[in-house]
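The structure appears right after this line, and notes come after that.
The values are calculated or read from the model by the stated rules, or taken from the named source; none is laboratory data. Here the structure is a predicted model, which is why all the values come from computation and not from measurement. All Cβ positions, glycine included, derive from the backbone under ideal geometry; neighbour counts span all protein chains shown. Calculation scope for accessible area: heavy atoms of the full protein, side chains included, ligands and nucleic acids excluded. Shrake-Rupley method; radii C 1.70, N 1.55, O 1.52, S 1.80 Å.
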Amino acid sequence: MTLTIPGFDHIRLPGADGVELAAAVGGSGSPLVLLHGFPQTHLMWRHVAERLADEHTVICPDLRGYGASDKPAATDPDVYAKRTMAADVVTLAAALGHERFALVGHDRGALVAFRAGLDHPETITHLGILDIVPTLDMWNVLHGASAAVGYHLFLMAQPPGLPEAMIAGSADAFFGSFLDAWANDPTTMPEDVRVEYLRASAAAVTSIVGDYRASADIDVMHDQADLDAGSQLAMPVTVVQQDWGTQLGYDAAGVWKAWAPDLDHRLTRAGHFMAEEAPDEIAAAIRGLLAR
């Protein structure tokens, strides 16, 4: 049985190209969509969503290829392009009657949110980003021995076949290693939640790899085209991240300022799973974003 956010409705909604997405929906007020990261599901937002549901209609989908959402075969790079996944989110929100909404994403969901902000500026009113840099910049800042922190990016960028077989052969160990390594305080992820993440990820190896493979191919091309065109995010943007700039030797705020003129860039002492480790901090950052 899929775990979901207590008190929220768990429903299926249309995405792009006939794909259906599972989503937890609750609360009332102006619409706010929250997109999860890897190796998680919409459940990662449970604490933040509950804190914001008195003020907003909070919509937490599983991304295509993850959780209880459809997992189409990656027959071409567009299937898991962030452009396509962003179209999923816009279509899903429209099905609920929301032509404009605020959008916050973590990790993989933040890459989708970034693309949605560029592709749908008339739809995304506010944009929140947790613990990433855009795909193009991500590849540019990973170099030398420090790039080992992102070894999975390189593994899943390989041609179809070997990455899927390697990961499927030790799925719990592979996905569990990230849950262990990226959490400053593992006690904030209860055992039933961890089990749910591992179950959902093991059932989605092929589509998860498809998502990551797109980020080494078509997503880079889309970001480069926007960079060449001088495209920027038109809405207020808040970025909350660990101090990756110091760890990897780049100017994280500067990277984001190039894409987001109206930027609030914040560093956190929480680990990568900050929405679960520091929900009060993240909910406050979202409230601050929406007040701009």
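Here are a few things to note about the model shown:
- Test: residue in region 30-40 that is crowded, with 16+ Cβ neighbours inside 10 Å, over 19 Å from residue 85 (Cα atoms) and aliphatic (A, V, I, L, M): no
- If only residues of region 45-64 that are touching a strand residue (DSSP E or B) at 6+ places or on another chain (Cβ under 7 Å) and among the acidic types (Asp, Glu) are counted, the one that is surrounded by the most Cβ atoms within 10 Å (Cβ to Cβ) is 62.
- Within region 160-194, considering residues that are open to solvent by less than 80 Å² (accessible area, probe 1.4 Å) and among the β-branched types (Val, Ile, Thr), the one modelled with the lowest pLDDT: 188
- Subset of region 12-29 [over 18 Å from residue 56 (Cα atoms) and either of a type in the set (A, V, I, L, M, F, W, C) or surrounded by fewer than 21 Cβ atoms within 10 Å (Cβ to Cβ) (or both)]: 12, 13, 14, 16, 17, 18, 19, 20, 21, 22
- Within region 235-275, tally of residues that are in contact (Cβ under 8 Å) with a residue 60 or more places away in the chain and open to solvent by 60 Å² or more (accessible area, probe 1.4 Å): 3
- Filtered by the rule that a residue be open to solvent by less than 10 Å² (accessible area, probe 1.4 Å) and in contact with a Ser or Thr (Cβ under 8 Å, 6 or more places away or on another chain), region 218-234 gives 219, 223.
- Among the candidates 284, 278, the residue that is closer than 22 Å to residue 189 by Cα, without any contact (Cβ under 8 Å) to a residue 40 or more places away in the chain and buried (at least 22 other Cβ atoms within 10 Å of the Cβ) is uniquely 278.
- Some residue of region 197-214 being modelled with pLDDT of 95 or more, open to solvent by 30 Å² or more (accessible area, probe 1.4 Å), closer than 19 Å to residue 79 by Cβ and part of a loop (DSSP other than H, G, I, E, B): yes
- Of all residues in region 31-74 being aliphatic (A, V, I, L, M) and without any contact (Cβ under 8 Å) to a residue 60 or more places away in the chain, the one that is farthest from residue 18 (Cα to Cα): 53
- All positions within region 168-190 that are more than 18 Å from residue 272 (Cα to Cα) and of a type outside the set (Gly, Ala, Ser): 172
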